[in-house]
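The values are calculated or read from the model by the stated rules, or taken from the named source; none is laboratory data. On a predicted model such as this, the values are computed, not experimentally measured, just so you know. As a convention, Cβ positions derive from the backbone with ideal geometry for all residues, glycine included, and neighbour counts pool all protein chains shown. For accessibility, only protein heavy atoms count, side chains too; no ligands or nucleic acids. Shrake-Rupley method; radii C 1.70, N 1.55, O 1.52, S 1.80 Å.
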Amino acid sequence: MLQHGPVGCQASRHFQLNVPKLPLPCEPLEYQKSFRFDRLLRTGGFAVSPKSDRHPRQSPVVAMAVPPAVVQSTNPADVSSSSKTLGEVVVVGAGPAGCLLAHYLLRRGFFVHLFDKRAGAPSSPQHDGNGSDQQFYARRDPRSYNILLTSRAVKAFQGAGLEVPPNLLNQLVGSCTHLPNGKKRKFDYSNEPGLLSFGVSRNALVAWLQCSLHERYSNLKTYFEYELKSVDTTTNKASFRLSSKNFFSPKPDLVEVKYDLLVGADGVNSAVRSEMIHLDSTATSSFKKKSKPLELDFQPSSDVYKSFYVNPEVAKKSPLFEDHNRVQSWPAMNIIVTGMADGSFWGGSKNKQLMNASSAHEVEILLRGSAPELFELLLEDNPNFCEDFLKQPAISFGGAVTLSRFNHENILVIGDAAHAMFPSYGTGCNVALEDCLLLDQILEESIPVQGDISFVEVAKEFSKRRVEDAHAIVRMNTTQELFPRGFFGILQVMLFTSLRKLAPSIFKPIAYQQLWSDTRFRQIELQKRTENTLFFGMLLVLALLVIAALLFAFGIQPKFKISPS
């Protein structure tokens, strides 16, 4: 069965700047700090934003300032980096984590070289003439998917002075399971402060982050359609080559960049991680004595999925739209559908029969039989849906990555490159964004009053602080131990949820709900084990009491006697 924790929503069409503030449920003190970009102060080549007054109910919004746009050079080699910076950092991967990390680094005054093997987002939004902004990506892009933003992500964005525009977010309030008998089973998520969940398009989020980077900072160079070729640790130089050949492109085939810190945010199949492992294996014996060996445990996923999209005009007329703010699922076909901020639906399936269907007619039979209301909606949006779905390439879920440490000298990896996980809880992106916040905190601690930053120590400290939590969340996603399983699992959730309501000062939200807070993952893992111990201990005591009551009821006396001391 395809698990459906509060996952995100996908493919928002709107991308607006200077949006108004909207109300947001109150959050704990650590989340109440908010940043506004009504004005940007240019200081030493990087942007500094003044703090705004605290609003007790505030939406995760950014009123985007629009300073003169920084247009990337057609030929990256033509742009010279600034010498008045804290150092040069190469970030490989311009996804959510790579872009957010670039924001943090640029605000601190580093010069950033941002690489990605794919094309970047447009440098400015394209308007349709009706007051709304066009999408930055193809609405039916099979590479995009739904992601969840929790309080972890909100806190990470706020730390960089960012808040995601509300027209990219859809707050999710629960799930809705469509049963084979036509009925629905709904489940509400916790509405406690600090346990928020928003759906967002992965591509829309990346487009917003990339465009805001170009609009705000001059100490940035971007290199799209470049992939890592090699790293020379003796000269601290990284070489990149074009990921796709185009004889008419003015870009050079090879680019070599000097770095003080190299960060890999390039996903589950990370080239930076592969280079780290190679460098570690060929390191000198003296280096190996100082550091534990760099070991990788990779568990590839055997599952693949295909996605589908329903435009807002069609979606809003559907009976399914009444649950637009819930994660909707059809377990019989392993289908999940989530609503997006613009009113559209984005979904997908990993059902093996669907993935292996050999004809459009077979696709129709499977969907019409198990998800008829959804199938009719998909046909209304696209009369050739079955044919297009059959032609769509299936995409792998990736796998689970456990890395013994995240650094090698002044090279480190974050996000999926360091700790990719199965999409069981929808936490992968949040963990990656939280990496950026932690690395920024370490950099703040490491900037000396005089002298240079020790980037080797920065990378080592990041690994030291992050490995335990990263391993914990990867384990929990792999084993799915936080999901209630069977009768006793549901009973356990009901028991501790009720105790939480009766004595909130004594009982915390259950371990599963803590994923939506900023509680450390190792603490969540330990809390789950404590809950299991308490629950089965209570069951054991209850069973002994029942047995004792039955024995006395039938007049059976215990044969043992307790002699007085």
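Each row is one residue, and each column tells you yes or no for (1) part of a loop (DSSP other than H, G, I, E, B); (2) at pLDDT 75 or above; (3) within 25 Å of Lys237 (Cα to Cα).
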position	(1), (2), (3)
Pro67	yes, no, no
Ser83	yes, no, yes
Ala94	yes, yes, yes
Cys99	no, yes, yes
Leu105	no, yes, yes
Asp141	yes, no, no
Gly161	yes, yes, no
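Quickly run through the stretch 243-258 and pick out the residues that are open to solvent by less than 40 Å² (accessible area, probe 1.4 Å) and either at positive phi or small (Gly, Ala, Ser) (or both).
Ser249
Restricting attention to the stretch 446-475, report how many residues are on the phi > 0 side of the Ramachandran plot and surrounded by 20 or more Cβ atoms within 10 Å (Cβ to Cβ).
Adding up the residues that qualify gives 0.
Kindly establish whether Gly174 is open to solvent by less than 10 Å² (accessible area, probe 1.4 Å) and more than 30 Å from Lys117 (Cβ to Cβ).
For Gly174, the condition - open to solvent by less than 10 Å² (accessible area, probe 1.4 Å) and more than 30 Å from Lys117 (Cβ to Cβ) - is met.
Considering only residues that are in a helix (DSSP H, G or I) and modelled with pLDDT of 90 or more, look in the stretch 505-522 and name the one that is surrounded by the fewest Cβ atoms within 10 Å (Cβ to Cβ).
Top of the filtered list is Arg522.
Mind telling me which of the residues Phe345, Phe397, Phe389, Phe375 ends up being open to solvent by 30 Å² or more (accessible area, probe 1.4 Å) and either touching a Ser or Thr at 6+ places or on another chain (Cβ under 6 Å) or not assigned by the TED database to the domain that holds Ala418 (or both)?
Phe397
Is it fair to say Leu367 is more than 24 Å from Arg475 (Cβ to Cβ) and not assigned by the TED database to the domain that holds Gly109?
Criteria met by Leu367.
Just for the stretch 523-538: of the residues that are open to solvent by less than 60 Å² (accessible area, probe 1.4 Å) and in contact (Cβ under 8 Å) with a residue 24 or more places away in the chain, which one is nearest to Val154 (Cα to Cα)?
Ile524
The rows are residues; the columns are (1) modelled with pLDDT of 95 or more; (2) in contact with a helix residue (DSSP H, G or I) (Cβ under 8 Å, 6 or more places away or on another chain); (3) open to solvent by less than 40 Å² (accessible area, probe 1.4 Å).
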site	(1), (2), (3)
Glu409	no, yes, no
Ala418	yes, yes, yes
Thr427	no, yes, yes
Leu433	yes, yes, yes
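Could you tell me which of the residues Arg465, Arg475 is closer than 30 Å to Leu172 by Cα, over 15 Å from the mean Cα position of the chain (by Cα), outside any loop (DSSP other than H, G, I, E, B) and in contact (Cβ under 8 Å) with a residue 12 or more places away in the chain?
Exactly one residue qualifies, and that residue is Arg475.
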